[in-house]
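What follows draws every value from the coordinates through simple rules; no lab data is involved. What you see is a predicted model; the values in this text were computed from it and never measured. All Cβ positions, even for glycine, are placed from backbone atoms using ideal geometry, and neighbour counts span all protein chains on display.
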Amino acid sequence: MSKNLLSGIKRLKPNPKSTHEIPVPTQIKRLVVEVCEILRTQTQWEEMLETRLSVEEIVPSEIAHLVFDKIHNADLGLKFFGWVSDRPYGCSLDGFAYSSLLKLLAKFKVFSEVEAVLKSMKCQGKVPSREAFDVILRAYSDCGLVDKAVELYSFEVNTCGLVPNVLAYNSLLNGLVKKGNINDAMRIYCDIVERADGEENCSADNYTTGIMVRGLCKEGEVDKGMQLIFARWGKGCIPNIVFYNILID
């Protein structure tokens, strides 16, 4: 096993837009399971990890992204992250590993740590994957932290050149509408529609437009809601009973 085997799964230059991963060898999968079990059950876990990875001739940072994906526990993920980061030699995490950590933290709503990791990545010139951005954006939006979500959206789009997937920006728009921030919602909606034609997996759908129609109607702008439907007709927006129910209500 060791370095020759691991070279098949290392990503020397993580691509933030990539969603495809190279298959992980079975031996590495087993090792990751062992690492997670050591973190969960052992009090002297540092020494045990050091010994176990040394036997395999593997640097911890090389499997960090797999551990973050597997651990399903934010506290244990942070514990492993701290151990890897504090090591004295060649253990710098790449953008791929940081992205896996961000997804773990966002799923458990550990937002203070999410912001700390994002800040650290920014200082190092590393960019999260779009998948990581999507998970964080949805977590912020679903928890009502719409200001944070808008800030993250702007950073993702304007600084990193990435666009959230449809589920992520629908969560953002829905959060803004619930908060009554219809102007911000409309600005982001128009930006999404404008960008959608040239971006893979970024077309606004019926639900996207329905969110905005509902928001406009809540503000008493029923005519603008109608106009929005007509403007999107045939462009991923096929008026259905949901739209008409919103307008009738």
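Which GluC sites (Glu not before Pro) in the stretch 25-83 sit in a loop by DSSP (not H, G, I, E or B) and have at most 13 other Cβ atoms within 10 Å of their own Cβ?
Passing both the DSSP loop test and the Cβ count: Glu57.
Where Lys and Arg each count +1 and Asp and Glu each count -1, what net charge lies around Cys217 among other residues with Cβ under 14 Å from its Cβ?
0
Below 10 angstrom from the Cβ of Leu101, what's the summed charge of the other residues (Lys, Arg +1; Asp, Glu -1)?
Neighbourhood net charge equals -1.
Given a Förster radius of 25 Å and the C-beta distance between Ile241 and Asp142 as r, what FRET efficiency does 1/(1 + (r/R0)^6) yield to the nearest 0.05?
0.45
Please list, or write none, the aspartates and glutamates whose alpha carbon is within less than 20 Å of the alpha carbon of Lys107, excluding same-chain residues fewer than 8 places away.
Cα-Cα hits under 20 Å: Asp69, Asp75, Glu115, Glu131, Asp134, Asp142, Asp147, Glu151, Glu156.
Give, in nm to one decimal, the length gained when the segment between Leu167 and Asp205 is fully stretched (0.36 nm per residue of separation minus the Cα-Cα distance).
Result for the pair: 12.7 nm of gain on full extension.
Quick one: go through the stretch 136-153 and flag any residue whose amide nitrogen is under 11 Å from the point 7 Å out along the Cα-to-Cβ line of Lys178.
139-146
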